[in-house]
Amino acid sequence: MLRFSSVFLLISLLFSTVAAKTHKFVYNATWTLANPDGTKERPVISFNGSWPLPVININKGDSIELTLINGLGGDISTSLHFHGLFQEGSNHMDGPVGVTQCPIPPGQSFTYNFTVNQVGTYWYHSHSGSQYSDGLRGMLIVHDEEIESKYEWDHEIPLTLSDWYHAPSSELVKMQLTRYNPTGAEPIPQNSLFNDTKNVTVEVDYEKTYLFRIVNMGVMVSQYFFVEDHDLTVIEVDGVYTQPKKTSMVYLSVGQRMSVLLTTKAKKDVTKNFCIVHSFDDSMLDVVPPELQVTSVNYLSYDKSFPKPEPSKKFYDIDSYEPLDDFELKPISNKTALADPDHRIEVALHMDNLGDGLGLKPSNLWIQHKYICFAIW
Ligand SMILES: *[C@@H]1O[C@H](CO)[C@@H](O)[C@H](O)[C@H]1NC(C)=O
Ligand SMILES: *[C@@H]1O[C@H](CO)[C@@H](O)[C@H](O)[C@H]1NC(C)=O
Ligand SMILES: *[C@@H]1O[C@H](CO)[C@@H](O)[C@H](O)[C@H]1NC(C)=O
Ligand SMILES: *[C@@H]1O[C@H](CO)[C@@H](O)[C@H](O)[C@H]1NC(C)=O
Ligand SMILES: *[C@@H]1O[C@H](CO)[C@@H](O)[C@H](O)[C@H]1NC(C)=O
Ligand SMILES: *[C@@H]1O[C@H](CO)[C@@H](O)[C@H](O)[C@H]1NC(C)=O
C-alpha cells in the first residue's frame, strides 16, 4: 500500500513538472488593409493576414517560442517586445531594436524563446521605431490559479484601448522630427479604438461578475475608462494583483494594464442598457481638433430588446472626471514600500531638441518624464 502511494506521489510530482507548457507560434508579419475606426482604410501589420492580432493566454511557468517572420517587404525591419516581462535570464529576447537585438530584416525571422514566471496582464508589440502604431500589437495574459483563486469572477473579457493614426508610423516620425516642429509636438491621433474597433456591444447576464483585463496599447495618449452606473473593482495593475479597490473610473496611461471586476445588476433593477465610456486625456494633446472624438461610447447590453443607451452629457465633461488614483492601490502580497533613503541623488534629464526639431532621436520619441529621481539605500 505504502509502495503504491509513493508511486502515486512520484507520478503526480512528474505530472506537476510536465504541467508547464511550451506555446509555439509561427507568425508571418505582413501588410493587410483595415478600417478599425470606420473612417479610413489603411495598411496595418497582420499576423498571416489577420488583424487585430490574437490574445495570447498562457499559465505562469509556461514558455513561449514565437517565431516572427518579417514578411513586410521593402527595407522595413521589425521585432517584438513583450511589455512588462522582466526577461530575467533571457534579456536577448526583450525585443528593442538596437538595444538587445539587431532588427529582423525583411525575409528573415527570429524566434523569441523564454519562460514566463510573472502573472497578470501584459502585451506584445513591435519595438522597431514607432512601428507598433501600424497595429503590430496584441495582448498577453499570464494566468495563475493560485493568485486568481483569491478573487471571484464568472467571465473574463480582454479589452484593449488605443489611440489611432491614419498616417503610417514612418510618416508620424517625419511629422514629429522636422525643423518645422521645433517644440517636438507629437502628432494628434485621428481617433481612439476600443478593442481595435468602435461601437462594441458587450452582452452580459444578470448578477454575474466580469473581469475586464484592460491594456492601453496606444502610442501617446492616456485614456479614462468607466461603465455608466456600475462600480469597477480594481484587482490588478501592471502584473501586480492588489487588494480589491472599488472605484467608478480608472485612468490608463500608455502601456498600462488594469484588471477590473464588474458585477452586473439584478434583473428587477434593470430597465435599460448602459454605456461603456472611454475618453482621451485631452490635456496631453497640443491641439484638440474639433473633429477629434475625445469621448467614445460602447455598450453594456443586458437585453437586446432595450434601445441603445443615450450617452449622458457628463460623459463629455472630462474636467469633471474623478478617476482612481492608483497610488491608493495596495498589493495583495501586502509588500510594503521601501523606507526613506539615507541619501538622495537627483538627476535632472533635459529633453533638448536643439531648437531645430531634429535633435530628438527616434529612440527618445516617446519620453514623457523629464526628471528621474534615484534613491540609494
Ligand atoms: C503563419 O504562417 C507561417 C508561415 O507561412 C506558418 O508557418 C504558420 O503555421 C502560420 N501560422 C498560423 C497561426 O496560421
Ligand atoms: C460607429 O458608429 C458611428 C455612429 O453610428 C458611425 O458613424 C461609425 O462609422 C461607427 N464605427 C464603426 C467602426 O463601426
Ligand atoms: C510571409 O509573407 C510574405 C508576404 O506575403 C511572403 O512573401 C512570404 O513568402 C511569407 N513567408 C513565409 C515563410 O510564409
Ligand atoms: C528554446 O529554449 C529552450 C531552453 O533553452 C531550448 O530547449 C529550445 O530548443 C529552444 N527553442 C528554440 C526553437 O530555439
Ligand atoms: C476583445 O477582443 C477579444 C479577442 O477577439 C475578445 O476575446 C474580447 O471578448 C473582446 N473584448 C470586448 C470587450 O469586446
Ligand atoms: C494582507 O493584509 C490583509 C489585511 O490588511 C489580510 O487580510 C491578508 O490576509 C494579508 N495578506 C497576506 C498575503 O498576508
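The values are calculated or read from the model by the stated rules, or taken from the named source; none is laboratory data. Since the structure is predicted, the reported quantities are computational estimates derived from the model, not experimental observations. Positions of Cβ are generated from backbone atoms using ideal geometry, with glycine treated the same way; all protein chains shown enter the neighbour counts. SASA here: full protein model, heavy atoms, side chains in, ligands and nucleic acids out. Shrake-Rupley method; radii C 1.70, N 1.55, O 1.52, S 1.80 Å.
A 1.4 Å probe, protein heavy atoms only, puts the accessible area of Val237 near 30 Å².
Note on segment 20-123: Kirkwood hydrodynamic radius from all Cα pairs is 14.8 Å, rounded to one decimal.
Peptides 334-345, 145-156 ranked from most to least packed give 145-156, 334-345, packing being the mean of other C-beta atoms within 10 angstrom over each peptide's residues. At the residue level, Lys314 shows approximately 140 square angstrom of accessible surface with a 1.4 angstrom probe and all protein chains present. Over segment 131-288, what is the relative contact order in whole percent, taking alpha-carbon pairs under 8 Å and six or more residues apart? Over segment 131-288, the number comes to 26 percent.
Accessible area ranking (1.4 Å probe, heavy atoms, ligands and nucleic acids excluded), largest first, for Thr271, Thr264, Thr100: Thr271, Thr100, Thr264.
Can you find, among Pro311, Ala348, Phe194, the residue farthest towards the positive end of the dipole of the chain? Put +1 on the C-beta of Lys and Arg, -1 on that of Asp and Glu. Checking the options against the dipole of the chain, the answer is Phe194. Compactness of segment 155-328, taken as the C-alpha radius of gyration over 2.2 N^0.38 Å, stands at 1.10. Roughly what percent of Cα-Cα pairs across segment 193-292 reach past 23 Å? For segment 193-292, the share of Cα pairs beyond 23 Å comes to 31 percent. Remark on the chain: hydrodynamic radius 22.9 angstrom, per the Kirkwood mean of 1/r across alpha carbon pairs.
Within the same chain, aspartates and glutamates fewer than 8 places from Lys60 are excluded, and of the rest, those with a Cα less than 13 Å from its Cα are Asp144, Glu145, Glu146, Glu148.
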